[in-house]
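Contents: one structure, followed by commentary.
The values are calculated or read from the model by the stated rules, or taken from the named source; none is laboratory data. Note that this is a predicted model, so its numbers are computed, not measured. Cβ: placed from backbone, ideal geometry, glycine included. Neighbour counts: every protein chain shown. For the accessible areas, the whole protein counts, side chains as well, though only heavy atoms, and no ligand, DNA or RNA atoms are used. Shrake-Rupley method; radii C 1.70, N 1.55, O 1.52, S 1.80 Å.
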Amino acid sequence: MNIKSLLLGSAAALVAVSGAHAADAVVAAEPEPLEYVRICDAYGAGYFFIPGTETCLKIGGKVRTEGEWYDAYNPNNVRGTLWHTRAELNIDTATDTEYGPLKTNTILRWDWQEGGSTSTNLLWAYISLGGFTVGKTDSWFNQFTGYAGDVINDDVVYDGPYELNQITYNYDAGNGFTAVISLEDSNSGVGATGSNGEDSSDHYAPDVVAGAGYKAGAWSFKVVGGYDSIVEEGAIKARIDADFGVLSAFIMGGWNTDGDKLNKYAGSNGGGDAADIGWGDWAVWGGVGVPINEKLKWNLQLAYTDSKIFAATTNIKWNPVKNLLIEPEVSYTNWDSINEDQWAGILRFERTF
(Lines give C-alpha, C1' and ligand atoms only; values in the text may rest on other atoms or scores of the structure.)
Protein backbone atom coordinates (compact mmCIF):
# COMPACT_ATOMS: atom_id res chain seq x y z
CA MET A 1 0.00 0.00 0.00
CA ASN A 2 1.47 3.33 -0.99
CA ILE A 3 1.16 6.62 0.89
CA LYS A 4 -1.57 7.96 -1.45
CA SER A 5 -3.80 4.96 -0.79
CA LEU A 6 -3.22 5.27 2.98
CA LEU A 7 -4.23 8.96 3.02
CA LEU A 8 -7.39 8.31 0.97
CA GLY A 9 -8.39 5.45 3.28
CA SER A 10 -7.88 7.55 6.41
CA ALA A 11 -9.98 10.39 4.97
CA ALA A 12 -12.80 8.00 4.11
CA ALA A 13 -12.75 6.56 7.66
CA LEU A 14 -12.93 10.05 9.20
CA VAL A 15 -15.91 10.97 7.02
CA ALA A 16 -17.72 7.77 8.02
CA VAL A 17 -17.12 8.36 11.75
CA SER A 18 -18.19 12.03 11.49
CA GLY A 19 -21.39 11.01 9.69
CA ALA A 20 -22.20 8.44 12.39
CA HIS A 21 -21.76 11.05 15.15
CA ALA A 22 -23.84 13.55 13.20
CA ALA A 23 -26.65 11.05 12.90
CA ASP A 24 -26.57 10.46 16.67
CA ALA A 25 -26.51 14.18 17.65
CA VAL A 26 -29.36 15.41 19.96
CA VAL A 27 -31.08 18.59 18.80
CA ALA A 28 -32.06 20.82 21.78
CA ALA A 29 -35.73 21.85 21.92
CA GLU A 30 -36.62 25.50 21.53
CA PRO A 31 -37.14 27.11 24.99
CA GLU A 32 -40.71 27.99 25.95
CA PRO A 33 -41.36 31.72 25.70
CA LEU A 34 -41.36 33.42 29.11
CA GLU A 35 -44.54 35.22 30.19
CA TYR A 36 -43.63 38.04 32.53
CA VAL A 37 -46.08 39.42 35.09
CA ARG A 38 -47.50 42.70 33.78
CA ILE A 39 -48.22 45.62 36.06
CA CYS A 40 -51.85 46.77 36.02
CA ASP A 41 -51.89 50.42 37.08
CA ALA A 42 -55.45 51.25 35.98
CA TYR A 43 -56.89 50.40 39.41
CA GLY A 44 -54.16 51.73 41.68
CA ALA A 45 -50.86 50.53 43.10
CA GLY A 46 -50.23 46.85 43.72
CA TYR A 47 -52.35 45.35 40.92
CA PHE A 48 -50.89 42.98 38.31
CA PHE A 49 -52.42 40.95 35.49
CA ILE A 50 -53.09 37.29 36.22
CA PRO A 51 -50.97 35.57 33.50
CA GLY A 52 -53.03 34.59 30.47
CA THR A 53 -55.99 36.79 31.45
CA GLU A 54 -57.13 40.41 31.41
CA THR A 55 -58.03 40.26 35.11
CA CYS A 56 -55.98 42.34 37.53
CA LEU A 57 -55.15 40.98 40.98
CA LYS A 58 -53.99 42.64 44.18
CA ILE A 59 -52.94 40.80 47.35
CA GLY A 60 -52.44 42.54 50.67
CA GLY A 61 -53.27 42.31 54.33
CA LYS A 62 -52.08 42.98 57.84
CA VAL A 63 -50.66 41.37 60.96
CA ARG A 64 -51.69 42.94 64.27
CA THR A 65 -50.87 42.19 67.87
CA GLU A 66 -52.03 44.16 70.89
CA GLY A 67 -52.30 44.17 74.65
CA GLU A 68 -55.62 45.27 76.18
CA TRP A 69 -56.29 46.37 79.76
CA TYR A 70 -59.88 46.35 81.02
CA ASP A 71 -62.82 46.90 78.66
CA ALA A 72 -64.28 50.23 77.50
CA TYR A 73 -67.51 48.46 76.43
CA ASN A 74 -68.28 46.43 79.57
CA PRO A 75 -68.15 47.82 83.13
CA ASN A 76 -68.23 44.29 84.55
CA ASN A 77 -65.15 43.12 82.65
CA VAL A 78 -62.29 44.03 84.96
CA ARG A 79 -59.75 41.64 83.46
CA GLY A 80 -56.07 42.40 83.74
CA THR A 81 -54.06 42.09 80.53
CA LEU A 82 -55.52 40.37 77.47
CA TRP A 83 -53.20 39.76 74.52
CA HIS A 84 -54.86 39.53 71.11
CA THR A 85 -53.31 38.76 67.70
CA ARG A 86 -54.92 39.05 64.28
CA ALA A 87 -53.97 38.28 60.67
CA GLU A 88 -55.91 39.46 57.61
CA LEU A 89 -55.57 38.56 53.94
CA ASN A 90 -57.08 40.89 51.34
CA ILE A 91 -57.66 39.69 47.77
CA ASP A 92 -58.95 42.22 45.19
CA THR A 93 -59.66 41.63 41.50
CA ALA A 94 -60.68 43.99 38.69
CA THR A 95 -61.51 43.51 35.00
CA ASP A 96 -62.47 46.23 32.54
CA THR A 97 -65.91 45.81 30.93
CA GLU A 98 -68.29 47.91 28.83
CA TYR A 99 -70.14 48.77 32.08
CA GLY A 100 -67.01 49.81 33.94
CA PRO A 101 -64.68 47.79 36.18
CA LEU A 102 -65.96 44.43 37.41
CA LYS A 103 -64.44 44.08 40.87
CA THR A 104 -64.39 41.70 43.80
CA ASN A 105 -63.09 42.25 47.31
CA THR A 106 -62.42 39.47 49.82
CA ILE A 107 -61.08 39.83 53.36
CA LEU A 108 -60.23 36.76 55.44
CA ARG A 109 -59.52 37.29 59.14
CA TRP A 110 -57.94 35.02 61.75
CA ASP A 111 -57.95 35.95 65.45
CA TRP A 112 -56.19 34.41 68.44
CA GLN A 113 -55.98 35.51 72.04
CA GLU A 114 -54.45 34.13 75.18
CA GLY A 115 -56.23 31.12 76.59
CA GLY A 116 -56.31 29.50 73.16
CA SER A 117 -59.44 31.24 71.86
CA THR A 118 -59.30 31.26 68.06
CA SER A 119 -61.69 32.30 65.28
CA THR A 120 -61.78 32.51 61.50
CA ASN A 121 -64.07 34.94 59.72
CA LEU A 122 -64.93 35.74 56.12
CA LEU A 123 -65.09 39.44 56.93
CA TRP A 124 -65.99 40.83 53.48
CA ALA A 125 -66.79 39.11 50.18
CA TYR A 126 -68.59 41.12 47.52
CA ILE A 127 -68.88 41.85 43.79
CA SER A 128 -69.25 45.35 42.34
CA LEU A 129 -70.06 46.64 38.85
CA GLY A 130 -71.39 49.94 37.55
CA GLY A 131 -72.04 51.35 41.02
CA PHE A 132 -73.82 48.20 42.25
CA THR A 133 -72.45 46.05 45.09
CA VAL A 134 -73.77 42.63 46.10
CA GLY A 135 -72.40 40.42 48.86
CA LYS A 136 -71.10 40.80 52.41
CA THR A 137 -69.61 44.05 53.73
CA ASP A 138 -70.32 46.59 56.46
CA SER A 139 -73.65 48.41 56.49
CA TRP A 140 -73.67 51.66 54.52
CA PHE A 141 -75.21 53.27 57.58
CA ASN A 142 -71.61 53.09 58.80
CA GLN A 143 -69.58 53.17 55.59
CA PHE A 144 -71.31 56.18 54.02
CA THR A 145 -70.52 58.47 56.95
CA GLY A 146 -66.98 57.12 57.29
CA TYR A 147 -67.61 55.30 60.58
CA ALA A 148 -66.60 57.56 63.51
CA GLY A 149 -63.20 58.92 64.65
CA ASP A 150 -59.63 57.73 64.06
CA VAL A 151 -59.47 55.76 67.32
CA ILE A 152 -59.68 52.03 68.07
CA ASN A 153 -62.66 52.24 70.47
CA ASP A 154 -64.68 54.49 68.15
CA ASP A 155 -67.99 52.63 68.61
CA VAL A 156 -68.30 52.38 72.40
CA VAL A 157 -71.40 54.44 71.69
CA TYR A 158 -73.00 52.28 68.98
CA ASP A 159 -72.86 53.90 65.53
CA GLY A 160 -74.29 51.16 63.27
CA PRO A 161 -74.01 47.50 62.17
CA TYR A 162 -71.15 45.68 60.47
CA GLU A 163 -70.73 42.60 58.27
CA LEU A 164 -74.05 41.90 56.59
CA ASN A 165 -75.31 40.75 53.19
CA GLN A 166 -76.68 43.47 50.95
CA ILE A 167 -77.50 44.84 47.50
CA THR A 168 -76.30 48.44 47.25
CA TYR A 169 -76.12 51.18 44.64
CA ASN A 170 -73.62 54.04 45.06
CA TYR A 171 -73.92 57.19 42.95
CA ASP A 172 -71.08 59.67 42.46
CA ALA A 173 -71.93 62.73 40.36
CA GLY A 174 -68.26 63.72 40.08
CA ASN A 175 -68.93 67.22 41.42
CA GLY A 176 -68.85 66.43 45.13
CA PHE A 177 -72.38 64.99 45.38
CA THR A 178 -72.73 61.32 46.36
CA ALA A 179 -75.69 59.13 47.29
CA VAL A 180 -76.38 55.55 48.34
CA ILE A 181 -79.37 53.21 48.55
CA SER A 182 -78.97 49.76 50.11
CA LEU A 183 -81.20 46.75 50.78
CA GLU A 184 -79.61 44.93 53.70
CA ASP A 185 -80.33 41.39 54.86
CA SER A 186 -82.48 41.62 57.98
CA ASN A 187 -81.28 38.16 59.06
CA SER A 188 -77.56 38.98 59.13
CA GLY A 189 -75.50 41.41 61.13
CA VAL A 190 -76.17 42.94 64.53
CA GLY A 191 -79.82 42.69 65.58
CA ALA A 192 -80.63 39.87 63.16
CA THR A 193 -82.75 38.10 65.75
CA GLY A 194 -84.51 41.29 66.78
CA SER A 195 -82.90 43.76 69.16
CA ASN A 196 -85.84 43.52 71.55
CA GLY A 197 -86.51 39.78 71.39
CA GLU A 198 -88.62 39.75 68.19
CA ASP A 199 -88.76 36.41 66.35
CA SER A 200 -87.19 36.83 62.88
CA SER A 201 -87.19 33.15 61.85
CA ASP A 202 -89.86 33.71 59.17
CA HIS A 203 -88.97 37.32 58.36
CA TYR A 204 -88.36 38.14 54.69
CA ALA A 205 -88.44 41.94 54.29
CA PRO A 206 -85.00 43.61 53.96
CA ASP A 207 -83.72 46.52 56.00
CA VAL A 208 -83.20 49.75 54.04
CA VAL A 209 -80.41 52.34 54.15
CA ALA A 210 -80.35 55.57 52.12
CA GLY A 211 -78.04 58.56 52.25
CA ALA A 212 -76.74 61.64 50.44
CA GLY A 213 -73.69 63.83 50.84
CA TYR A 214 -71.74 66.74 49.41
CA LYS A 215 -68.05 67.69 49.61
CA ALA A 216 -66.59 71.07 48.70
CA GLY A 217 -63.00 71.95 49.50
CA ALA A 218 -62.15 71.26 53.13
CA TRP A 219 -65.79 70.65 54.12
CA SER A 220 -68.16 67.73 53.68
CA PHE A 221 -71.68 66.94 54.87
CA LYS A 222 -73.46 63.58 54.86
CA VAL A 223 -76.81 62.32 56.11
CA VAL A 224 -77.91 58.68 56.17
CA GLY A 225 -80.94 56.79 57.50
CA GLY A 226 -81.57 53.13 58.27
CA TYR A 227 -84.85 51.24 58.77
CA ASP A 228 -84.92 47.97 60.74
CA SER A 229 -87.78 45.95 59.27
CA ILE A 230 -87.88 43.50 62.22
CA VAL A 231 -88.25 46.15 64.93
CA GLU A 232 -90.08 48.49 62.49
CA GLU A 233 -88.02 51.43 63.75
CA GLY A 234 -84.81 53.08 62.58
CA ALA A 235 -82.31 55.90 62.96
CA ILE A 236 -80.83 58.87 61.13
CA LYS A 237 -77.24 60.17 61.35
CA ALA A 238 -75.82 63.44 60.02
CA ARG A 239 -72.12 64.28 59.92
CA ILE A 240 -69.97 67.32 59.14
CA ASP A 241 -66.22 66.98 58.45
CA ALA A 242 -63.54 69.62 58.04
CA ASP A 243 -59.91 68.99 57.02
CA PHE A 244 -57.50 71.92 57.08
CA GLY A 245 -54.30 69.89 56.85
CA VAL A 246 -52.94 70.96 60.24
CA LEU A 247 -56.20 69.87 61.86
CA SER A 248 -59.15 67.64 60.94
CA ALA A 249 -62.41 67.53 62.90
CA PHE A 250 -65.89 66.03 62.74
CA ILE A 251 -69.20 66.18 64.53
CA MET A 252 -71.96 63.60 64.05
CA GLY A 253 -75.44 63.34 65.52
CA GLY A 254 -77.91 60.46 65.55
CA TRP A 255 -81.67 60.30 66.20
CA ASN A 256 -83.56 57.12 67.15
CA THR A 257 -87.17 56.94 65.92
CA ASP A 258 -88.17 55.25 69.20
CA GLY A 259 -85.85 55.96 72.10
CA ASP A 260 -87.47 53.24 74.23
CA LYS A 261 -86.31 50.51 71.82
CA LEU A 262 -83.07 49.22 70.36
CA ASN A 263 -82.89 48.64 66.61
CA LYS A 264 -80.18 47.61 64.17
CA TYR A 265 -79.27 51.24 63.45
CA ALA A 266 -79.59 52.60 67.02
CA GLY A 267 -78.46 49.72 69.19
CA SER A 268 -75.93 48.97 71.90
CA ASN A 269 -72.35 47.71 71.91
CA GLY A 270 -72.29 47.49 75.69
CA GLY A 271 -71.64 44.34 77.68
CA GLY A 272 -72.58 43.13 81.12
CA ASP A 273 -74.90 45.55 82.94
CA ALA A 274 -74.60 47.94 79.95
CA ALA A 275 -75.74 45.41 77.35
CA ASP A 276 -79.18 46.93 76.77
CA ILE A 277 -78.31 50.61 77.12
CA GLY A 278 -78.74 52.19 73.68
CA TRP A 279 -78.91 55.81 72.60
CA GLY A 280 -82.27 56.67 74.08
CA ASP A 281 -83.64 59.32 71.72
CA TRP A 282 -80.30 60.64 70.42
CA ALA A 283 -76.51 60.34 70.37
CA VAL A 284 -73.67 62.67 69.39
CA TRP A 285 -70.01 62.06 68.50
CA GLY A 286 -67.17 64.49 67.86
CA GLY A 287 -63.45 64.30 67.32
CA VAL A 288 -60.23 65.97 66.20
CA GLY A 289 -57.03 64.72 64.61
CA VAL A 290 -53.75 66.64 64.65
CA PRO A 291 -50.77 65.50 62.52
CA ILE A 292 -47.72 66.38 64.62
CA ASN A 293 -45.33 65.42 61.83
CA GLU A 294 -45.30 62.94 58.94
CA LYS A 295 -44.87 60.00 61.35
CA LEU A 296 -46.95 61.07 64.36
CA LYS A 297 -50.65 61.93 64.81
CA TRP A 298 -52.79 62.66 67.87
CA ASN A 299 -56.53 61.83 67.93
CA LEU A 300 -59.38 62.51 70.36
CA GLN A 301 -63.02 61.37 70.22
CA LEU A 302 -65.90 62.17 72.59
CA ALA A 303 -69.44 60.76 72.51
CA TYR A 304 -72.59 61.21 74.60
CA THR A 305 -76.14 59.84 74.48
CA ASP A 306 -79.61 60.68 75.70
CA SER A 307 -79.31 57.57 77.91
CA LYS A 308 -76.31 59.23 79.63
CA ILE A 309 -73.44 57.20 78.25
CA PHE A 310 -70.25 59.27 78.06
CA ALA A 311 -67.26 57.89 76.15
CA ALA A 312 -63.86 59.53 75.65
CA THR A 313 -60.89 58.06 73.80
CA THR A 314 -57.49 59.47 72.87
CA ASN A 315 -54.50 57.92 71.14
CA ILE A 316 -51.18 58.53 69.43
CA LYS A 317 -50.55 56.91 66.04
CA TRP A 318 -46.84 56.51 65.36
CA ASN A 319 -45.42 55.18 62.08
CA PRO A 320 -41.68 54.76 62.75
CA VAL A 321 -41.26 53.26 59.27
CA LYS A 322 -43.61 52.86 56.33
CA ASN A 323 -46.45 50.34 56.88
CA LEU A 324 -45.68 49.86 60.58
CA LEU A 325 -48.04 51.36 63.19
CA ILE A 326 -47.52 51.62 66.94
CA GLU A 327 -50.66 52.92 68.66
CA PRO A 328 -51.19 53.44 72.40
CA GLU A 329 -54.79 54.36 73.34
CA VAL A 330 -56.68 55.22 76.53
CA SER A 331 -60.50 55.21 76.93
CA TYR A 332 -62.92 56.24 79.65
CA THR A 333 -66.61 55.28 79.69
CA ASN A 334 -69.31 56.32 82.15
CA TRP A 335 -72.77 54.72 82.26
CA ASP A 336 -74.61 57.15 84.51
CA SER A 337 -77.91 55.22 84.46
CA ILE A 338 -76.30 52.21 86.20
CA ASN A 339 -73.72 54.23 88.15
CA GLU A 340 -70.75 52.46 86.53
CA ASP A 341 -67.57 53.66 84.83
CA GLN A 342 -64.43 52.10 83.37
CA TRP A 343 -60.93 53.04 82.26
CA ALA A 344 -59.35 50.94 79.52
CA GLY A 345 -56.12 50.88 77.52
CA ILE A 346 -54.70 49.31 74.36
CA LEU A 347 -51.15 49.08 72.97
CA ARG A 348 -51.30 48.01 69.32
CA PHE A 349 -48.60 46.99 66.84
CA GLU A 350 -49.70 46.58 63.21
CA ARG A 351 -47.85 45.82 59.99
CA THR A 352 -49.74 46.26 56.71
CA PHE A 353 -48.63 45.01 53.31
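The C-alpha radius of gyration of region 209-326, expressed as a fraction of 2.2 N^0.38 Å, stands at 1.26. Counting Cα-Cα pairs of region 111-189 in 10 Å increments starting at 0 gives whole-percent bin shares of 16, 39, 34, 9, 3, 0.
The Cα-based radius of gyration and maximum Cα-Cα distance (Dmax) for region 260-317 are 14.7, 46 Å.
Within the accessible area of the chain, the carbon and sulfur atoms contribute 61%, probe 1.4 Å, all protein chains present.
When each of the peptides 231-243, 94-106 is scored by the mean number of other C-beta atoms lying within 10 Å of its residues, the order from highest to lowest reads 231-243, 94-106.
Could you order ARG109, ARG64 so the one with the most accessible surface comes first? Probe is 1.4 Å.
ARG109, ARG64
When the Cα atoms of region 30-149 are aligned to their principal axes, the ranges along those axes come out at 68, 42, 21 Å in descending order.
With Cα atoms defining each centre, region 259-275 and region 304-335 are spaced 21 Å apart in the structure.
Report the gain in length on full extension from ASP258 to ASN76: 0.36 nm times residue separation, minus Cα-Cα distance, nm rounded to one decimal. Provide the component values of the computation, followed by the final result.
Working: separation 182, 0.36 × 182 = 65.52 nm, distance 2.74 nm.
Going from the current span to full extension adds 62.8 nm.
Cα-Cα over 19 Å: which of LYS136/LYS317; LYS62/LYS322; LYS222/LYS261; LYS237/LYS264; LYS58/LYS295; LYS215/LYS322? List each step's numbers first, then the result.
On the way: LYS136/LYS317 29 Å; LYS62/LYS322 13 Å; LYS222/LYS261 25 Å; LYS237/LYS264 13 Å; LYS58/LYS295 26 Å; LYS215/LYS322 29 Å.
Over 19 Å Cα-Cα: LYS136/LYS317; LYS222/LYS261; LYS58/LYS295; LYS215/LYS322.
For the chain, the equivalent ellipsoid derived from the alpha-carbon gyration tensor has semi-axes of 60, 25, 21 Å in decreasing order. Across every direction, the projection of the convex hull enclosing the Cα atoms of region 113-268 has a mean area of 11.5 nm². Net length available on complete extension from ILE167 to THR118 is 14.6 nm, with 0.36 nm assigned per residue and the Cα-Cα distance removed. Label-to-label distance, LEU296 versus ALA216, with points set 7 angstrom from Cα along the beta-carbon direction: 3.8 nm. Contact order, relative form, for the chain: 14 percent (alpha carbon pairs under 8 Å, 6 or more residues apart, mean separation divided by residue count).
The residues of the chain have, on average, 54 Å² of accessible surface per residue, using a 1.4 Å probe with all protein chains present.
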